[in-house]
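A quick write-up on the structure given underneath.
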Amino acid sequence: MYTLLHGLYKYIAQKDEYCVLILGLDNAGKTTYLEAAKTKFTKNYKGMKPSKITTTVGLNIGKIDIAGIRLNFWDLGGQEELQSLWDKYYAESHALIYIVDSSDRDRIPDSKEAFDKMISSNCLNGVPLLVLANKQDIPDCMGVREVKPIFNQSAHLIGRRDCMVMPVSALTGYGKIILVISFDKFTSHSIVTD
Ligand code: G3D
Ligand code: MG
């Protein structure tokens, strides 16, 4: 009887779980973005003050329950020496968010290089991709019209997967915090907020 009830409870309580990787160079705003997303989507979650967010060494995990599914976010350290760890997480990921610091023109080539290496991985074939041109609140930053063509140069690597480039400011909440995730051809979720 207990087993039966336990099984029923597990069935009712179960959620589809998906893993979303948040990647990008260090200082791009990955952890700030994850905090903003958690604050937006998690009831009663106050969020960490931006000044309290320190450099991610290793892995920072966030969980968001939304639309009957659970999204586990893995925000990985973006420093050059930590980028070699990214591929350990590829096989388990269902969606990718790649964050670009649009205010740092000098490091755009480095960001593009890390992006190309990432997107070339066979383990990520077909995995939906959201590129966020972050820090849009900073004057003279690169707009999405400038960022998009740079990453579109890798269209041959991106292939036919779902892909979007969006302007955001993780710090001010500018832009839509948007998740467009189609996990496979049967399951598709679009989560868009104002
Ligand atoms: P990371 O996790 O990609 O390494 P962080 O990046 O989230 O730690 O952010 C790095 C710095 O960029 C932080 O500033 C953070 O406040 C800032 N930042 C993140 N997103 C934005 C944004 O949209 N706009 C602006 N203006 N700044 C942003 P500090 O000063 O703490 O280093
Ligand atoms: Mg971080």
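The values are calculated or read from the model by the stated rules, or taken from the named source; none is laboratory data. Given the structure is predicted, the values throughout are model-derived calculations rather than measurements. Please note: Cβ atoms are built from the backbone with ideal geometry, for glycine as well, and neighbour counts cover all protein chains shown. Ligands, DNA and RNA are excluded from the accessible area calculation, which covers all protein heavy atoms including side chains. Shrake-Rupley method; radii C 1.70, N 1.55, O 1.52, S 1.80 Å.
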> What is the chain's relative contact order, in percent, from Cα pairs under 8 angstrom and six or more apart in sequence?
Replying inline: 21 percent
> Quick one: helix 2-13 against the long Cα principal axis of the chain, what's the angle to the nearest 10°, folded into 0 to 90?
Replying inline: 30 degrees
>> Counting only helical runs of four or more DSSP H residues, what would the 222 nm mean residue ellipticity of the chain come to if each run contributes -39,500 (n - 2.57) and the total is spread over all its residues?
In response: -7500 deg cm²/dmol
>> I'd like the carbon and sulfur percentage of the solvent accessible area for the chain, probe radius 1.4 Å, heavy atoms only, ligands and nucleic acids excluded.
In response: 53 percent
> Which order do ILE22, ILE61, ILE53 take by accessible area at a 1.4 Å probe, largest first?
Replying inline: ILE61, ILE53, ILE22
>> Can you compute the radius of gyration and Dmax for the range 16-187, using only the Cα atoms, both in Å?
In response: 14.9, 43
>> Over the chain, with the other protein chains present, what is the accessible area per residue in square angstrom, probe 1.4 angstrom?
In response: 57 Å²
> Spin-label point model (7 Å from Cα, Cβ direction): what's the ASP116 to MET164 distance in nm?
Replying inline: 2.7 nm
> Heavy-atom accessible area of TYR174 with all protein chains present, probe 1.4 Å, nearest 10 Å²?
Replying inline: 120 Å²
> Nearest-5 percent of antiparallel DSSP beta bridges in the range 16-187?
Replying inline: 25 percent
> Which length gain, in nm to one decimal place, applies between CYS19 and ASP106 when the Cα-Cα distance is subtracted from 0.36 nm times their residue separation?
Replying inline: 28.2 nm
